[in-house]
Amino acid sequence: MSRKIRYGMVGGGRGAFIGAVHRIAAAMDQQIELVCGAFSSDPKRSKASGKDLFLPAKRCYGSFQEMIEKEAQLPEGERMDFVSIVTPNHMHFPPAKMALENGFHVLSDKPATFDLAEAKALQKIIKQTRLLYGLTHNYTGYPLVKQAREMVQTGKLGKIRKVVVEYPQGWLATRVEESGQKQASWRTDPKRSGAAGCIGDIGTHAENLAEYITGLKIKELAADITAFVKGRKLDDDGNVLLRFQGGAKGVLHSSQISVGEENNLNIRVYGELGGIEWHQKEPNTMLVKWLDQPMQVYRTGLGYLGAAAASATRTPPAHPEGYLEAFANVYKNFANHIRAKLERRKLEKNDPALDYPKIEDGIRGMAFIEAVVKSSKGNARWTKLSA
């Protein structure tokens, strides 16, 4: 098949942050092209945003409903192949549902949906339509995160005993949503964000990273979440104890009131034989610690890394790779999976094209949010995940 994979975007218009990130990530490998969009719930703003991106006026739609309906009517050689959803949480499910029901694959920003019930309903639609669904838990795209996962899978660290994962930020240390700051206003609004604030926004990234690297599922948790900023309706800080299937224990901390912190996602995983430590602020370095050897420093792009890390690496050693490249790896693998389906090629189990977060990860995230909120309301009572 000698063409790019085509996509349409829902959300991400003028004034949005994450939409531009998705577009850069999608374009990075020159395998995907944006052909249409419904970039805002305001039709005029949507069409103006499409014009900013030099899209044809007839492919700049006033609503996602119009986009999906009209794209479905186009010849197969012209219409989009998938929909990228980059809206606030409450608007993830409606366009995903409609896109799938009209024959389009879906790649959505996280969390998957507004609540767990919607996520489970979406899973049924995906199974019925047999279409692809991906979720942009972009931190899984870093080469050394994939290296850590491979080391766990191959038993190099031994049986996993303990996981410590943290995601502190400080940008919501004051009530910035009152100033009209767009990103803060919807994230702190339960009608648009869902049952959780900080936990839903970045806590789910920490949860997903822990499960992705270790391959272990969180069985139950005890959580204490707080809205420290007076008048805020949703949590801006969370502390969670974790129990994994198989007996490992963990600690998860996410915060948006940790003054001075930026996006300090980091994880430590300890097994019977060794451990790893990785920080998103220095993503090209991973510390590997052994029971009976000196500590090692792994670096992105070097020949001693495994196949998964190598396939996610774009630049030579010592040239930094970061957030956008990791995001692009999710898009690349998702697009390659679509290409395989269009070409009717069956992929091997370990093919990199299959390595992207799916609806099962989305359900895990929504179950995590639900369990954290329930546990905290019960004074940090141990609560099982209902995924």
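All of the numbers you see were taken from the coordinates with simple rules; none came from a lab. Predicted model only: the values in this text are computed from it and were never measured. Reconstructed Cβ throughout: ideal geometry from the backbone, glycine too, with neighbour counts over all protein chains shown.
Determine the dipole magnitude for the chain: charges of +1 sit on the beta-carbon of Lys and Arg, -1 on that of Asp and Glu, nothing else is charged, the reference point is the Cα centre, and the result goes in debye to the nearest 20. Intermediate values should be presented prior to the final figure.
Working: 55 positive and 42 negative charges, 145 e Å.
Once rounded to the nearest 20, the dipole reads 700 debye.
So who's got an amide H within less than 5 Å of the one on Ser108, skipping anything under 5 residues away but keeping other chains? H placed 1.01 Å off N, in plane.
Residues meeting the criterion, in which the H sits 1.01 Å from N, are Ile85, Gly134, Leu135, Thr136.
When only C-alpha pairs under 8 Å and at least 6 residues apart count, what is the relative contact order of the chain, in percent? Write down the numbers at each step before the final one.
On the way: 872 pairs, mean separation 73.4, N = 387.
This gives 19 percent for the chain.
Full-extension gain between Glu348 and Ile18, please, as 0.36 nm times their residue separation minus the C-alpha to C-alpha distance. Provide the component values of the computation, followed by the final result.
On the way: separation 330, 0.36 × 330 = 118.80 nm, distance 3.22 nm.
Length gained between Glu348 and Ile18: 115.6 nm.
If the cut-off is a Cα-Cα distance under 18 Å, which lysines reach Lys249, setting aside same-chain residues fewer than 8 apart in sequence?
Once the sequence-local lysines are set aside, what remains near Lys249 is Lys159, Lys162, Lys217, Lys219, Lys384.
Using the 10 angstrom Cβ neighbour count as an exposure proxy, how do Val269, Val10 rank, fewest first? Mind showing how you got there, number by number?
Values: Val269 27, Val10 32.
Exposure proxy ranking, most exposed first: Val269, Val10.
What is the Cα coordinate range of region 259-298 on the first, second and third principal axes, sorted by size from largest, in whole angstrom?
Result for region 259-298: principal-axis Cα extents of 38, 18, 11 Å.
Using the reciprocal of the averaged 1/r over all distinct C-alpha pairs, how large is the Kirkwood radius of region 295-358 in Å?
On the way: mean 1/r = 0.0761 Å⁻¹.
Computed over region 295-358, the radius equals 13.1 Å.
Using Cβ counts within 10 Å as a stand-in for footprinting exposure, how do Leu74, Leu242, Leu132 rank, fewest first? Don't skip to the answer; put the middle values down first.
Working: Leu74 13, Leu242 25, Leu132 22.
By the 10 Å Cβ count, ascending, the order reads Leu74, Leu132, Leu242.
Of Asp355, Asp115, how do they rank once you tally other Cβ atoms within 10 Å and put the fewest first?
Numbers: Asp355 22, Asp115 18.
Lowest count first: Asp115, Asp355.
If all Cα-Cα distances of region 20-107 are sorted into 10 Å bins from 0 onward, what percent lands in each bin, rounded to whole numbers?
Percent of pairs per bin, in order: 17, 54, 29, 0.
Please list the radius of gyration and Dmax for region 1-157, considering alpha-carbon atoms only, with Å as the unit.
Both quantities, over Cα of region 1-157: 16.5, 55 Å.
Which value, in debye to the nearest 20, describes the size of the charge dipole of region 12-162 about its Cα centre when Lys and Arg Cβ atoms bear +1, Asp and Glu Cβ atoms bear -1, and nothing else is charged?
Numbers: 22 positive and 15 negative charges, 138 e Å.
Charge dipole of region 12-162: 660 debye, to the nearest 20.
How big is the Cα convex hull of the chain in projection, averaged over all directions, in nm²? Don't skip to the end; give the middle numbers.
Numbers: hull surface 76.4 nm².
Taking a quarter of the hull surface, the average projection is 19.1 nm².
Check region 5-135 and count each lysine pair with an alpha-carbon distance under 19 angstrom, considering only pairs eight or more places apart or from different chains.
Here the count comes out as 13.
Starting from the amide H of Ile32, placed 1.01 Å from N in the peptide plane, find each other amide H under 5 Å away whose residue is 5 or more places distant or on another chain.
Here the answer is Ile5, since their amide H atoms fall under 5 Å of that of Ile32.
Give the long-range amide H neighbours of Ser40: residues separated by 5 or more places, or on another chain, with amide H under 5 Å away, using H modelled in the peptide plane at 1.01 Å from N.
It is Gly11, Ser46, by chain and number.
Which one, Gly155, Val106, Phe327, is farthest towards the positive end of the dipole of the chain when Lys and Arg carry +1 and Asp and Glu -1 on their Cβ?
Most positive-ward Cα: Val106.
How large is the dipole of region 231-387 about the Cα centre if only Lys and Arg carry +1 and Asp and Glu carry -1, each at its Cβ, rounded to the nearest 20 debye? Mind dumping the intermediate values first?
Details: 22 positive and 18 negative charges, 134 e Å.
For this selection, approximately 640 debye.
Modelling each spin label as a point 7 Å along the Cα-to-Cβ direction, I'd like the Ala318/Ala121 distance in nm, to one decimal.
Label at Ala318, label at Ala121, 5.5 nm between them.
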